[in-house]
Amino acid sequence: MKTRGFEIVSKYQGRGIDLPQRKTAASAGYDLQAARTVVVEPGQLAMVPTGLKAYMQSDEVLTIHIRSSMAIKRGLMLANHVGIVDADYYNNEENEGHIFIALWNRGKAAVTIEGGERIAQGIFMKYLAVDDDEAGAGEVRKGGFGSTGR
């Protein structure tokens, strides 16, 4: 049985997408790459596809964090500061669980993200629920971005 990991979404099969890797033994994050070239205009937001989806246990989450080189050297930030990929986002009906990185350009010049460039890190984490939590009895996720609580 699979525990946690990454897969390539159908649309990006055969397009040279690399599965994320940790670069050192002590690295917490798995480097996520842009699936294609995207230009982020000054003061604008761009949704950068990774071509990936993530599977994990039901009490886990994948957190997405900007790579420090993107923030410090290139003036980019995650639009939501920390991305959250829930376990039930995997293989949802709307977009197969495709992970996009929402980048905001806080600089004064356009920034080009090249396909294959490492842009973010994903960290798998366990989370805790409160007493009498009833989410486990809720509906099954059907949509993609922002689909919980619709």
Could you please state how large a percent of the accessible area of the chain is carbon and sulfur, counting protein chains only and using a 1.4 Å probe? 50 percent
Ellipsoid semi-axes in whole angstrom, largest first, where each is sqrt(5λ) of the Cα gyration tensor of region 1-67: 23, 16, 13
Is it possible to state the helix-based mean residue ellipticity at 222 nm for the chain, with each DSSP H run of 4+ residues giving -39500 (n - 2.57), the sum divided by total residues, to the nearest 500 deg cm²/dmol? What is it? -1000 deg cm²/dmol
Would you compute, for the Cα atoms of region 41-101, the largest minus smallest coordinate along each principal axis and list the three values in descending order, in whole Å? 35, 22, 16
Hz values of 3J(HN,Hα) by residue in region 14-30 - Karplus curve (6.51, -1.76, 1.60), Gly and Pro given as x: x, 10, x, 6, 8, 6, x, 10, 8, 8, 9, 4, 9, 6, 7, x, 9
How much length, in nm to one decimal, is gained on full extension between residue 134 and residue 39, taken as 0.36 nm per residue of separation minus their Cα-Cα distance? 30.0 nm
Given +1 on the Cβ of Lys and Arg, -1 on the Cβ of Asp and Glu, and no further charges, what dipole in debye does the chain carry about its Cα centre, rounded to the nearest 20? 920 debye
Per-residue SASA entry for residue 48, accessible area with 1.4 Å probe, Å² rounded to 10: 0 Å²
Give me the compactness ratio for the chain, meaning the Cα radius of gyration over 2.2 N^0.38 Å. 1.07
For residue 117 and residue 18 in one chain, what is 0.36 nm times their gap in residues minus the Cα-Cα distance, to one decimal in nm? 34.6 nm
Take the chain, connect every pair of alpha-carbon atoms lying under 10 Å apart with a spring to form a Gaussian network, then pick out the residue of 109, 120, 79 with the largest mean-square fluctuation. 109
Can you tell me the accessible area per residue over the chain, all protein chains present, probe 1.4 angstrom, in square angstrom? 60 Å²
Most fluctuating of 90, 12, 30 in the GNM of the chain (C-alpha, under 10 Å) is 12
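The values are calculated or read from the model by the stated rules, or taken from the named source; none is laboratory data. Just so we're clear, the structure is a prediction, and the values are computed from it rather than from any experiment. Virtual Cβ from ideal backbone geometry, glycine too; neighbours counted across all protein chains shown. For the accessible areas, the whole protein counts, side chains as well, though only heavy atoms, and no ligand, DNA or RNA atoms are used. Shrake-Rupley method; radii C 1.70, N 1.55, O 1.52, S 1.80 Å.
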